[in-house]
């Protein structure tokens with residue numbers, strides 16, 4: 001039985017890790033870390049856990065708490081995990097970090113986009129980018145995994161087969177993305193109040209969203225070319241879900257059938273990436289509460305451009321579900337253990 005600890009267990013992503021691990025037959029949660037609710041019953045913070053989680057929230061002393069567990073999930077704000085990780089910690093436990101601290105390989109790029117001084121740059125090179133569909137074998141051997149961001153996961157998986165095949169101009173990519181409000185976290189912010197969000201949709205982080213370099217880096221690695229993208233996220237009045245619509249110029253004339261073959265080949269063995277039937281567009285309602293990503297494409301012969309689409313739950317495949325998927329790989333378990341739940345509808 002894998003013993004797990006969660007730092008940041010009282011955020012949305014942390015609570016989702018709890019929900020998933022409660023149904024995992026090979027893992028148990030030994031402690032619930034929280035800076036805001038120390039000594040408070042976890043079920044008092046999340047009433048859905050009443051009679052399910054009797055534990056009390058603990059602090060975030062990783063050095064002390066990691067003696068009790070095999071793996072630690074850090075579902076924390078950017079900058080915290082990098083100050084907690086040390087050789088002493090990594091010798092005792094595996095770390096799955098849900099923040100951006102170890103996703104970007106160039107420390108200067110991270111510090112520039114996030115406005116933070118990195119706390120442990122010596123571990124950036126070692127950290128494995130935890131996109132299971134791409135780095136499965138590396139993840140199996142890792143002791144530190146950088147869980148990908150939600151927008152980058154959906155964007156990358158929507159674009160990856162054509163980037164890998166060299167069929168799109170990597171400097172022509174435009175990504176239009178939309179997310180539910182849980183993506184902004186559980187902290188109180190005026191911009192996320194009901195009256196501010198309901199009956200409205202808005203773009204934010206235009207030409208400067210901090211997920212941009214992460215997407216560019218991963219697309220560059222996949223294509224072998226320098227990717228330069230326009231990424232514009234939008235906030236929509238729903239709890240969960242991400243919808244990505246990406247556009248790119250094709251480098252040669254092809255048929256839609258030829259493009260579809262590339263997706264079918266890329267994802268035929270992937271349980272959690274569902275390449276949809278021709279003419280069926282991804283929708284967030286069909287992936288909610290699950291670890292699935294639905295993707296599809298449409299070729300526009302008039303402009304010789306391709307439209308690449310993806311939908312997923314930002315809290316599951318975009319955060320907690322992907323983290324558990326990584327844990328399964330790191331400990332030699334079936335990759336889908338604890339993640340077989342179908343999407344919730346309505």
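The values are calculated or read from the model by the stated rules, or taken from the named source; none is laboratory data. Bear in mind that the values here come from a model prediction, so they are computed numbers and not experimental data. We place every Cβ from the backbone using ideal geometry, glycine too, and count neighbours over all the protein chains shown.
Going residue by residue through segment 251-268, is there one that turns out to be surrounded by fewer than 14 Cβ atoms within 10 Å (Cβ to Cβ), part of a loop (DSSP other than H, G, I, E, B) and without any contact (Cβ under 8 Å) to a residue 24 or more places away in the chain?
Yes; the residues of segment 251-268 include at least one that is surrounded by fewer than 14 Cβ atoms within 10 Å (Cβ to Cβ), part of a loop (DSSP other than H, G, I, E, B) and without any contact (Cβ under 8 Å) to a residue 24 or more places away in the chain.
Against the condition under 20 Å from residue 151 (Cα atoms), more than 18 Å from the chain's Cα centre (by Cα) and in contact (Cβ under 8 Å) with a residue 24 or more places away in the chain, how does residue 287 come out, does it pass?
Here the answer is no, as residue 287 does not meet what is asked.
Restricting attention to segment 285-302, and to residues there that are modelled with pLDDT of 95 or more and farther than 24 Å from residue 268 by Cβ, which single residue is surrounded by the most Cβ atoms within 10 Å (Cβ to Cβ)? Before the answer, list the steps.
Taking segment 285-302 as the starting set, the residues that turn out to be modelled with pLDDT of 95 or more are 285-300.
Adding the requirement that they be farther than 24 Å from residue 268 by Cβ leaves 285, 288-289, 300.
Numbers: 285: 13, 288: 22, 289: 18, 300: 12.
Result: 288.
Of everything in segment 106-128, what is surrounded by fewer than 17 Cβ atoms within 10 Å (Cβ to Cβ), assigned to a loop (DSSP other than H, G, I, E, B) and touching a helix residue (DSSP H, G or I) at 6+ places or on another chain (Cβ under 7 Å)? Give them in sequence order.
117, 119
Spot the failing condition for residue 215; the list is (1) in a loop (DSSP other than H, G, I, E, B); (2) touching a helix residue (DSSP H, G or I) at 6+ places or on another chain (Cβ under 6 Å); (3) at pLDDT 95 or above, and only one is missed.
(1)
Would you call residue 310 part of a helix (DSSP H, G or I), within 18 Å of residue 177 (Cβ to Cβ) and in contact with a strand residue (DSSP E or B) (Cβ under 7 Å, 6 or more places away or on another chain)? Reasoning before the result, please.
Details: part of a helix (DSSP H, G or I): no; within 18 Å of residue 177 (Cβ to Cβ): yes; in contact with a strand residue (DSSP E or B) (Cβ under 7 Å, 6 or more places away or on another chain): yes.
No; evaluated as a whole, the condition is false for this residue.
Tell me the residue from 188, 248, 177, 184 that is touching a strand residue (DSSP E or B) at 6+ places or on another chain (Cβ under 8 Å) and at pLDDT below 95, please. Please lay out each step first, then the result.
Working: 188 fails: touching a strand residue (DSSP E or B) at 6+ places or on another chain (Cβ under 8 Å); 248 fails: at pLDDT below 95; 177 fails: at pLDDT below 95.
Going through 188, 248, 177, 184 in turn, the sole match is 184.
For residues that are part of a loop (DSSP other than H, G, I, E, B) and within 17 Å of the chain's Cα centre (by Cα), scanning just segment 1-15, find the one that is surrounded by the fewest Cβ atoms within 10 Å (Cβ to Cβ). Reasoning before the result, please.
Residues of segment 1-15 part of a loop (DSSP other than H, G, I, E, B): 1, 8-11.
Still in the list and also within 17 Å of the chain's Cα centre (by Cα): 8-9, 11.
Values: 8: 26, 9: 26, 11: 23.
Among those residues, the one meeting the criterion is 11.
Could you list, ordered by first residue, the pairs with Cβ atoms under 6 Å in which the first is in segment 185-212 and outside the structural domain of residue 115 (by TED's automatic domain parsing) and the second is in a helix (DSSP H, G or I), at least 6 apart or interchain?
186/12; 192/181; 192/184; 197/181; 210/113; 210/114; 211/151; 211/152
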